[in-house]
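Student: The structure under discussion is supplied below as structure tokens; questions concerning it will follow.
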Amino acid sequence: MSINIVSCKHLNYLLSASFNPFCLCPAEFWGDIAKDFFWKTKHTGQFLDYNFDVTKGEIFIKFMEGASTNICYNVLDRNVHERKLGENVAFYWEGNEPGDELTVTYRELLQRVCQFANVLKSQGVKKGDRVSIYMPMVVELVVAMLACVRIGAVHSIVFAGFSAESLCERIMDSQCSLLITADGFYRGDKLINLKLLADEALQKCRDKGFSIQRCIMLKHLSKEADETPLGSRSPPAKRSCPDLQVPWNPEVDLCWHTLVRGASDECEPEWCDSEDPLFILYTSGSTGKPKGVLHTVSGYMLYTATTFKLVFDHQPDDVYWCTADIGWITGHSYITYGPLANGATSVLFEGLPTYPDVSRMWEIVDKYHVTSFYTAPTAIRLLMKYGREPVQKYKRESLKILGTVGEPINPEAWHWYYTVVGEKRCPIVDTFWQTETGGHVLTPLPAATPMKPGSATLPFFGVVPAILNESGEELEGPSEGYLVFKQPWPGVMRTVYGNQQRFETTYFKKFPGYYVTGDGCRRDEDGYYWITGRIDDMLNVSGHLLSTAEVESALMEHKSVSEAAVVGRPHPVKGESLYCFVTLTDGVTYNRTLEAELKKQVREKIGAIATPDYIQNAPGLPKTRSGKIMRRVLRKIACDERDLGDISTLADSSVVEQLFQNRCRMGV
Ligand code: WT7
């Protein structure tokens, strides 16, 4: 099925200058776009220089090297001073609790960022230093990240749903000198004592010989009367939170509000080279240890700004809402950098789609007259379960464009999104990209690209995909294989922080000359791309990538587990659920208590997102003669599919029958 709606205001632009970017070389295309931004000095070297071929030497991507700029200046000062957008709303903050809200203009945001940048400087943070941020979805999270980039410091944001162990690992890997956190927050009804977790992480770091000198804590729930919240509308009194625990270590801890009170709201930006590091964001790696994906200044800025503008067809009066958390790349690129670079007005939502009820999303859409709405298939599938009525309680008349990201969207969810939420008026942009790509790489342009439910359609300008077979040959026409990219685009990652070797091995070694996404892909007769899922050992749970190895190692750290193998089992809401097989150490018997302990263990090691859905006691695992676990077979067992395909390499086939008999019954 293909649906085409023609009403795109950018269509003329697309059809003129850049609709066929192949007429333009990347330097002309991006050079033209760069003219809208502020540069302290012009670039000196080549506009774009790169090597994607490991056989020819080190992998590198250099974009506009020698030019100097500052992203914070471009997304705030430029909008306030040059574009006269100072009084425009940057964010409508909507708290977890309905009625808890704030409005922040570009001018206010700039002032707060400058103040906090001065605070960071006074704490000794310098250009190039890494700062870890572990905060809920509050405006101060954006303030903290932009304050870092204003002074040339590199932020490393850790999603506030991650455990203390995960935070510690990330702080140590990037050797952060300072941590910014908050007292706590509510997710729905649940109170998260964030400071407690942050302290636990810092203690773990100390135990491992790494100590952070300073921790700045925002009072989000425990604010006092004189600690005025950011923004022009004050929130109503917070719900009381007697269970909030705020441990305080006077040698390390500093109060956000006290520091800011005395800080000047003027701060000259630090001019950075195009290829200076901008931020590090960790993503799961197939060997278990997360990878610190490094993005740099200019390429990322131009790429997120341009993809945001074109993919959401951004217009001056639009109100845009991306439901992701800033702790993930979607929030970095499409809550902070892309929208702010365009002077857009966004909703920043702290809560959940189901709290206090399952109409919350649509209530917010009507409240702020949201025109573009960007979410994940997992959220759509979750809301689908409750039917049309909660959606239809609200008008949703303002909606113009709907977006999806994070995993392949199944056609059923697509149709529900299109017909029930968008009432067949709104094009759906199914955007395929990765933490590593910085921004959208396969995506429709709304109303210009005919849609096919479940396909991320075609490459963005300057992105050149290819499909390779196992031997690395490029396949032509309709085909299926490995999705790779043949040349860089400005927003592509530059390295794995502190580990160039791992960067090259992970993305460039398998097929020299190509960036390997790790996704399988099919191309149809119209040249449309259909992502078929990860081909490495990664799982996609509710739009979050998890490595099976990471979960396995968390399980195996339990003294009763000798071996573990984790596979994905399709799940109607989450996309994939975690089905874990565990072999116990001799003499241990499997019971509910142990099962609960194992689930807790994984939750504490990695985070709630990785909590196993099913754990099966597996006295033996299917292995090849060389001892490699056959996950392909385990996946079939998890799904109760008896057609196992070729199992000739299996060392002992009796274990398979045994596992089938003892499968976890669904709903357990
Ligand atoms: C992986 C990247 C990009 C932000 C969210 C996830 C899957 C992402 C789509 C889509 C099919 C998708 C891929 C990709 N993915 N978007 N529209 N259609 N699959 O970022 O955690 O780096 O995960 O998410 O498997 O490789 P990430």
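Student: Between ASP519 and residues 5 or more places away or on another chain, which pairs have amide H atoms under 5 Å apart, with H built 1.01 Å from N, and which residues are they?
Tutor: Those lying under 5 Å, H to H, from ASP519 are LEU483, ILE535.
Student: Excluding residues fewer than 8 places away in the same chain, name every one of the lysines whose C-alpha is closer than 17 Å to that of LYS62.
Tutor: Within reach: LYS42, LYS486.
Student: For region 592-599, take each phi angle, set θ = phi - 60°, evaluate the Karplus expression 6.51 cos²θ - 1.76 cosθ + 1.60, and give the result in whole Hz per residue in order, putting x for glycine and proline.
Tutor: Running phi through 6.51 cos²θ - 1.76 cosθ + 1.60 with θ = phi - 60° gives 4, 5, 5, 4, 5, 4, 5, 4 Hz.
Student: Could you report the accessible area of CYS72 in Å², rounded to 10, computed with a 1.4 Å probe on the protein chains as they sit in the structure?
Tutor: Estimated to the nearest 10 Å², CYS72 gives 0 Å².
Student: Based on the alpha-carbon gyration tensor of region 326-384, what equivalent-ellipsoid semi-axes (square roots of 5 times the eigenvalues) come out, in whole Å, largest first?
Tutor: 21, 14, 10
Student: Let me see the pair-distance distribution of the chain: every alpha carbon pair, 20 Å bin width, integer percents in order.
Tutor: All Cα pairs, binned at 20 Å, distribute as 18, 54, 27, 1 percent.
Student: Sticking with this structure for a sec: Once amide H atoms are built 1.01 Å from N in the peptide plane, which residues 5 or more positions from THR354, or in another chain, come under 5 Å H to H?
Tutor: Those lying under 5 Å, H to H, from THR354: there are none.
Student: Taking the convex hull of the Cα atoms, report for region 28-85 its projected area averaged over all directions, in nm².
Tutor: 4.9
Student: With the Cα gyration tensor of region 584-646 in hand, convert its eigenvalues to equivalent ellipsoid semi-axes via √(5λ) and list them largest first in whole Å.
Tutor: Three semi-axes, in Å: 25, 16, 12.
Student: Still on this structure: If you average over every viewing direction, what projected area does the convex hull of the Cα atoms of region 443-522 give, in nm²?
Tutor: Averaging across all directions leaves 6.2 nm² for the Cα convex hull.
Student: Another one. Can you pull the percent of region 107-175's accessible area that's carbon plus sulfur, 1.4 Å probe, other chains left in place?
Tutor: Result for region 107-175: 43 percent of the exposed heavy-atom area is carbon or sulfur.
Student: At a threshold of 8 angstrom on Cα-Cα distance, excluding pairs fewer than six apart, so keeping six or more, what relative contact order does the chain reach in percent?
Tutor: Over the chain, the number comes to 13 percent.
Student: Could you list the residues of region 114-147 with an amide nitrogen less than 16 Å from a label point located 7 Å from the Cα of HIS81 in the Cα-to-C-beta direction?
Tutor: The answer is 114-115.
Student: Here is a follow-up. Using only alpha carbons, build the gyration tensor for region 98-158 and give me the equivalent ellipsoid semi-axes, biggest first, whole Å.
Tutor: They are 22, 14, 8 Å, listed largest first.
Student: Stokes-Einstein diffusion coefficient for region 364-422 at 37 °C in a medium of 0.692 mPa s, Rh from the Kirkwood formula over Cα pairs: what value in µm²/s?
Tutor: Translational diffusion coefficient: 280 µm²/s.
Student: Any chance you could look up the accessible area of LEU545 with a 1.4 Å probe, heavy atoms only, rounded to 10 Å²?
Tutor: 50
Student: A follow-up question, please. Would you work out the relative contact order for region 609-668, in percent, from Cα pairs under 8 angstrom that are 6 or more residues apart?
Tutor: 43
Student: A further question on this structure: What value, in deg cm²/dmol to 500, does the helix sum -39500 (n - 2.57) over DSSP H runs of n ≥ 4 give at 222 nm once divided by the residues of the chain?
Tutor: Helices in the chain give a 222 nm mean residue ellipticity of -7000 deg cm²/dmol.
Student: Still on this structure, please answer the following. Is region 486-576 best put as rounded, prolate or oblate by its Cα gyration tensor, with a ≥ b ≥ c the root eigenvalues, rounded for a/c under 1.5, and otherwise prolate when a/b is larger than b/c, oblate when not?
Tutor: oblate
Student: Continuing with this model, one more query. Give, to the nearest whole percent, the P(r) tail of region 375-462 beyond 23 angstrom, counting all Cα pairs.
Tutor: Result for the distance tail: 21 percent.
Student: Please give the charge dipole size of region 85-226, origin at the Cα centre, charges +1 on K and R Cβ atoms and -1 on D and E Cβ atoms. Round to the nearest 20 debye.
Tutor: Its charge dipole is roughly 720 debye.
Student: State the percentage of accessible surface on region 421-528 attributable to carbon and sulfur atoms; use a 1.4 Å probe and exclude ligands, DNA and RNA.
Tutor: 48
Student: Here is a follow-up. Mind ranking ASP536, ASP183 by accessible surface for me, highest first, 1.4 Å probe?
Tutor: The ordering from most to least exposed comes out as ASP536, ASP183.
Student: Sequence neighbours fewer than 8 away in the same chain don't count; with that in mind, list the aspartates and glutamates whose C-alpha is under 17 Å from LYS385.
Tutor: Hits, sequence-local ones excluded: ASP357, GLU412, GLU576.
Student: Same structure, new question: Among 326-337, 243-254, 639-650, what's the highest-first ranking by average C-beta atoms within 10 angstrom per residue?
Tutor: Averaged packing, sorted descending, gives the order 326-337, 243-254, 639-650.
Student: What distance in nm separates the simple spin-label points at ASP189 and GLN175, each placed 7 Å from Cα in the Cβ direction?
Tutor: Distance between label points: 4.7 nm.
Student: What is region 283-403 by shape, rounded, prolate or oblate, if you read a ≥ b ≥ c off the alpha carbon gyration tensor as root eigenvalues and call it rounded for a/c under 1.5, prolate for a/b larger than b/c, and oblate otherwise?
Tutor: In terms of gyration-tensor shape, oblate.
Student: Each residue of region 347-363 in turn: what ³J(HN,Hα) in whole Hz from Karplus with 6.51, -1.76, 1.60 and θ = phi - 60°, glycine and Pro shown as x?
Tutor: Ordered by residue, 3J(HN,Hα) equals 8, 10, 10, 8, x, 10, x, 10, 10, x, 8, 7, 9, 3, 4, 6, 5 Hz.
Student: Ok, one more. Given R₀ = 45 Å, what would the calculated FRET efficiency be for ARG261 paired with GLN315, taking r from the Cβ atoms and rounding to 0.05?
Tutor: 0.70
Student: Regarding region 428-587, what are the three Cα extents along the principal axes, ordered largest first, in Å?
Tutor: That gives 62, 38, 28 Å along the principal axes, largest extent first.
Student: Ok, one more. Quick one: ranking LYS204, LYS400, LYS559 by accessible area, 1.4 Å probe, largest first, what do you get?
Tutor: Order by accessible area, largest first: LYS559, LYS400, LYS204.
Student: Using 16 Å as the cut-off for backbone N distance, which residues of region 319-340 belong to the label zone defined by a point 7 Å from the Cα of HIS369 along Cα→Cβ?
Tutor: Within reach of a label on HIS369, which here means backbone N under 16 Å from a point 7 Å along Cα→Cβ, region 319-340 contributes 319-321.
Student: Please list, in order along region 30-38, the HN-Hα scalar couplings obtained from phi with the Karplus expression 6.51 cos²θ - 1.76 cosθ + 1.60 (θ = phi - 60°), rounded to whole Hz, x for Gly and Pro.
Tutor: 6, x, 5, 5, 4, 4, 6, 9, 9
Student: What relative contact order, as a whole-number percentage, does region 538-623 give when Cα pairs under 8 Å and 6 or more residues apart are counted?
Tutor: Relative CO of region 538-623 lands at 30 percent.
Student: From a point 7 Å beyond the Cα of ILE535 in the direction of its Cβ, which residues of region 34-74 have a backbone N at a distance under 20 Å?
Tutor: 52-55
Student: Ranked highest first by the average count of other Cβ atoms within 10 Å around their residues, in what order do 610-616, 140-146 fall?
Tutor: Top to bottom by mean Cβ count within 10 Å: 140-146, 610-616.
Student: Consider all pairwise Cα distances in region 20-135 and report the whole-number % of them above 17 Å.
Tutor: For region 20-135, the share of Cα pairs beyond 17 Å comes to 73 percent.
Student: Same structure, new question: Is region 527-668 rounded, prolate or oblate when judged by the Cα gyration tensor, a ≥ b ≥ c being the square roots of its eigenvalues, rounded requiring a/c under 1.5 and prolate requiring a/b larger than b/c?
Tutor: In terms of gyration-tensor shape, oblate.
Student: Which of TRP530, VAL566, THR517 sits farthest toward the positive end of the charge dipole of region 491-586, with +1 on the Cβ of Lys and Arg and -1 on the Cβ of Asp and Glu?
Tutor: Farthest towards the positive pole: THR517.
Student: According to a simple spin-label model (label point 7 Å from Cα along Cα-to-Cβ), what is the distance in nm between LYS40 and LYS393?
Tutor: 5.2
Student: Follow-up question, since we're still on this one. Could you please put ARG523, ARG592, ARG396 in sequence from largest to smallest accessible area, using a 1.4 Å probe?
Tutor: Highest to lowest solvent-accessible surface, that is ARG592, ARG523, ARG396.
Student: PHE185: accessible area at probe 1.4 Å, nearest 10 Å²?
Tutor: That residue has around 10 Å² of solvent-accessible surface.
Student: Probe of 1.4 angstrom, ligands and nucleic acids ignored: what's the accessible area per residue over the chain, in square angstrom?
Tutor: Ligands and nucleic acids excluded, the result is 38 Å² per residue.
Student: In straight Cα distance, which lysines are under 24 Å from LYS195, not counting same-chain residues fewer than 8 positions off?
Tutor: Correct list for LYS195: LYS121, LYS204, LYS208, LYS219, LYS223, LYS238, LYS599, LYS600, LYS605.
Student: Bin all alpha-carbon pair distances of region 453-495 at 10 Å intervals from 0 and give each bin's fraction as a whole percent.
Tutor: Reading upward from the zero bin: 24, 48, 28, 1.
The values are calculated or read from the model by the stated rules, or taken from the named source; none is laboratory data. Since the structure is predicted, the reported quantities are computational estimates derived from the model, not experimental observations. Cβ atoms come from the backbone with ideal geometry, glycine included; neighbour counts cover every protein chain shown. These accessible areas exclude ligands, DNA and RNA; they are computed on the full protein's heavy atoms, side chains included. Shrake-Rupley method; radii C 1.70, N 1.55, O 1.52, S 1.80 Å.
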